[in-house]
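Peer 1: Once you've had a glance at the structure underneath, I'll fire off some questions.
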């Protein structure tokens, strides 16, 4: 896997390619561009790429240099990468590496995984193992820190627990995007101190709390749940 460049590292190269002063590393030529912003499919569109980033969408003929690799996309659709906003990779019975091998050829380029299943068994160490595996693949792997470990306290013997202080620490880790689905909505509604400390740690880090309100009730309970920042 090649180096991942931040936008800050390659602004000059991207501008140079877009203006034709420098050859693109890759040009995808003549595809049908699915413009998700305007709802159009635009025929005969090129994409010029350098340093792993898109420099130009449109007519890229002026960006082709002697070392530019060209892919003929005639008859194919060009779409943004699909982002899976909520996934438990362990449910697939695969590692992150094998999961990436399965989904990337089908267009998924990013996932937000909630590794609460491995966390139920191995705790924070299990989350770390999953994250390290995710760093070795070209799939972009973001993590939502499991919020309910164990899922049903007093009824499970999986052996691991994650506490509010663990959540607070995890919020500063690279790749952690927020808090995993807060299944313990009764705890949110009843004012459970540990649950609210997890919510507060996430909000203080300016990160997202993902929800799980598995009830048909949409009145005061759901409103209370949303009011807590979920």
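Peer 1: What percent do you get for the relative contact order of the stretch 19-110 when only Cα pairs under 8 Å and 6+ apart count?
Peer 2: 30 percent
Peer 1: Under the 0.36 nm per residue contour assumption, what length would be gained going from the current alpha-carbon distance of residue 173 and residue 62 to full extension?
Peer 2: Here the segment from residue 173 to residue 62 would lengthen by 35.8 nm.
Peer 1: For the chain, count the residues as N, evaluate 2.2 N^0.38 Å, and divide the Cα radius of gyration by that value, please.
Peer 2: Dividing the Cα radius of gyration by 2.2 N^0.38 Å gives 1.26.
Peer 1: Rounded to the nearest 5, what is the percent of antiparallel bridges among the DSSP beta bridges in the stretch 47-132?
Peer 2: Counting only bridges with both partners in the stretch 47-132, antiparallel ones make up about 50 percent.
Peer 1: Shifting gears a bit: Sort the stretch 7-78 into rounded, prolate or oblate with this rule: let a ≥ b ≥ c be the square roots of the eigenvalues of the Cα gyration tensor; rounded if a/c is under 1.5, and if a/c is not under 1.5, prolate when a/b is larger than b/c, oblate otherwise.
Peer 2: Here the stretch 7-78 falls in the oblate category.
Peer 1: What FRET efficiency do you get for residue 34 and residue 224 if R0 is 30 Å and r is their Cβ-Cβ distance, rounded to the nearest 0.05?
Peer 2: Computed FRET efficiency for residue 34 and residue 224 comes out at 0.15.
Peer 1: Now, a different point. Give the residues of the stretch 157-197 whose amide nitrogen is closer than 19 Å to a point set 7 Å from the Cα of residue 9 in the direction of its Cβ.
Peer 2: Residues 174-176 fall inside that zone.
Peer 1: Just how far, in whole angstrom, is the stretch 18-67 from the stretch 184-223 if you go by their alpha carbon centroids?
Peer 2: Value for the Cα centre distance between the two parts: 44 Å.
Peer 1: Sticking with this structure for a sec: FRET efficiency for residue 97 and residue 43, Cβ-Cβ distance as r, R0 = 41 Å, nearest 0.05?
Peer 2: Efficiency at R0 = 41 Å is approximately 0.65.
Peer 1: Return a whole-number percent for the relative contact order of the stretch 82-227, with Cα pairs under 8 Å and 6 or more residues apart as the contact set.
Peer 2: Reported as a whole number, the value is 19 percent.
Peer 1: Could I ask something else about it? Sort 71-80, 113-122 by the packing proxy (mean of other Cβ within 10 Å over each peptide's residues), most packed first.
Peer 2: 113-122, 71-80
Peer 1: Antiparallel DSSP bridges in the stretch 82-227: what percent, to the nearest 5?
Peer 2: Roughly 0 percent of the DSSP beta bridges within the stretch 82-227 come out antiparallel.
Peer 1: Moving on. Roughly how far apart, in whole Å, are the Cα centres of the stretch 146-166 and the stretch 85-109?
Peer 2: Each part's Cα centre sits 25 Å from the other's.
Values in this text are rule-based calculations from the coordinates and carry no lab data. Remember, predicted model here, so these are calculated numbers, not experimental data. A quick note on method: Cβ atoms are made from the backbone with ideal geometry, for glycine too, and the neighbour counts reach across all protein chains shown.
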